[in-house]
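Accompanying notes for the structure given below.
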Amino acid sequence: MHLLTLEPSFAAWHRVARRALQAEWAWDTVLWEDASDSQLALGLLDETPASVAQAAVSAPTYSVPKAFMDMARTVACHRSAHRWSLLYRVLWRITHGEHHLLKVAVDPDVHELHTMEKSVRRDVHKMRAFVRFREVVHEGQVLYVAWFEPQHHILELNAPFFIDRFAGMQWSILTPERCLHWDGVKATYTPGVSRHEAPTGDAMESLWLQYYAHIFNPARVKTHAMLAEMPMKYWRNLPEAAIIPTLLEQASPRVEVMMERSHALQSQLKEAHPADVPNTNDLEVLRDAAATCKACPLYKDATQTVFGEGHVSAEIVFLGEQPGDQEDLAGKPFVGPAGRLLDQALQEAGIDRETCYVTNAVKHFKWKRQGKRRLHQTPVQAEIHACKPWWRAELAIIKPRILVCLGATAARTVLEHAVKIGDVRGEFMETTWCEKTLVTVHPSSLLRQPDPEIRAEEMARFVADLKLVARALASR
Ligand code: URA
């Protein structure tokens, strides 16, 4: 019998196993054991045990499938002391007449290797998911420290993942067996520590808890799945574990509220259908018909229908999204803050608003109360779709030379697909509705811009787009 004592790593096992194989030591003549911590610390271990080195002087070499080596690298991290002998037995069998052994899934050795490999992989995944760094200030430097108790010897295997992910930080992952430290340039390992040496609680943690509570989706709560994914043993190291029971308790009332809201929305949307528009060439007939439109539920909370406004023979039509608070009260489009900005931009571009027709993709104001204010709400697709026959009928009567879509809602309903304004703005396109269709920003987006310099730049770009319209109109 040969006793082989080795540093517990894949590299050491690989080195020794290759020599043992070359020495023709059959699997059942070799005993494998992990070196003790003191042997390792005192450097008492031979790189390759002398007996194997001598025995292997003029030995054959074997080719081993890559799949086996990959699997062995993972299985080497398994906690079981028996992993080295199992690996050697399989290696022996592969090199002694059973080259395709790994394909025999029902073979007990192969089955055991697969089970061990799976268990290590699962542990690797758990470590990636459940390591939580805590901020520690040490001698004026910010460090991040995490505590984790892996099931297997996976710290080295997982090191590249954490180094890659947190390359720019200085951190340590402490485990009972070994600790990994990253200083931003190189990784070092030190012996394991006890749990008490890992820090608990800090400002980062409370931020994380807030974030976790925010992303916690009660509708997705499946307690069994949660327990399977996040077994109890990891919970004590996770800050969020402390709040999960409360979140779960609150989950069912929150789900009920979500369900109620969703049902209310669904039934409202069921009410939406394309507006029934009269077949007419008269804009005034159209306007009158729109005044009583109930094609979607938005009419219920709006003061009135805000129909388009302008000359019937206008050469330019501007299509916005929906009336705002002031438009809803006045019954006219673009008369509030966004309208004033549009007027200013038109003036700068040399376009007289009086010669244009201005309208919206949705004709009722959609809003939500906040204190005394009525806050704008973006219309949903069903509402936009229900309103489509109105602007189509307006365009069919006016037949403009140029249609300008102000913002994403207008662009989407006209182009019939979602677009990024930046991708299409400033170029004339031919659409079903108008030979020259141009997309640009909505003036409200400029009003929302908090930085005065950026707002001025955006305004200049908006005016530049409108100047394209003015020039196109001038060149007949
Ligand atoms: N925003 C729009 O899209 N239309 C208006 O009429 C007013 C603001």
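The values are calculated or read from the model by the stated rules, or taken from the named source; none is laboratory data. On a predicted model such as this, the values are computed, not experimentally measured, just so you know. Reconstructed Cβ throughout: ideal geometry from the backbone, glycine too, with neighbour counts over all protein chains shown. Note: areas computed on protein heavy atoms with side chains; ligands, DNA, RNA excluded. Shrake-Rupley method; radii C 1.70, N 1.55, O 1.52, S 1.80 Å.
At-a-glance table
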{"quantity": "By average C-beta atoms within 10 angstrom, highest first, the peptides 433-444, 75-86", "calculated": "433-444, 75-86"}
{"quantity": "Cut-off under 5 Å, modelled amide H: who pairs with residue 351 long-range", "calculated": "none"}
{"quantity": "Estimated vicinal HN-Hα couplings, Hz - the stretch 152-162 in sequence order (Karplus 6.51, -1.76, 1.60; Gly, Pro = x)", "calculated": "10, 8, 9, 4, 5, 4, 8, 3, x, 4, 5"}
{"quantity": "Sequence-distant residues sharing a close amide H with residue 134 (under 5 Å, placed H)", "calculated": "145, 146"}
{"quantity": "Gain upon complete extension [residue 347, residue 96; 0.36 nm per residue less C-alpha separation]", "calculated": "81.5 nm"}
{"quantity": "Backbone HN-Hα couplings from phi across the stretch 451-457 [Karplus 6.51/-1.76/1.60, Hz, Gly and Pro as x]", "calculated": "8, x, 5, 5, 4, 5, 5"}
{"quantity": "Stretchable slack from residue 248 to residue 284, in nm (0.36 nm times residue separation minus alpha-carbon distance)", "calculated": "7.2 nm"}
{"quantity": "Peptides ranked, highest mean first, by Cβ atoms within 10 Å: ranges 397-407, 103-113", "calculated": "397-407, 103-113"}
{"quantity": "Radius 12 Å from Cβ of residue 355, net charge of other residues (Lys, Arg +1; Asp, Glu -1)", "calculated": "-1"}
{"quantity": "Shape call, the stretch 131-197: gyration tensor on alpha carbons, a/c limit 1.5", "calculated": "oblate"}
{"quantity": "Cut-off 14 Å between beta-carbons: net charge of the residues surrounding residue 299, Lys and Arg +1, Asp and Glu -1", "calculated": "-1"}
{"quantity": "In order through the stretch 274-286: 3J(HN,Hα) via Karplus (6.51 cos²θ - 1.76 cosθ + 1.60), integer Hz, x for Gly, Pro", "calculated": "x, 4, 8, 10, x, 8, 8, 9, 9, 4, 5, 5, 4"}
{"quantity": "Cut-off under 5 Å, modelled amide H: who pairs with residue 2 long-range", "calculated": "30, 31"}
{"quantity": "Solvent exposure of the stretch 283-474 as accessible area per residue, Å², 1.4 Å probe", "calculated": "47 Å²"}
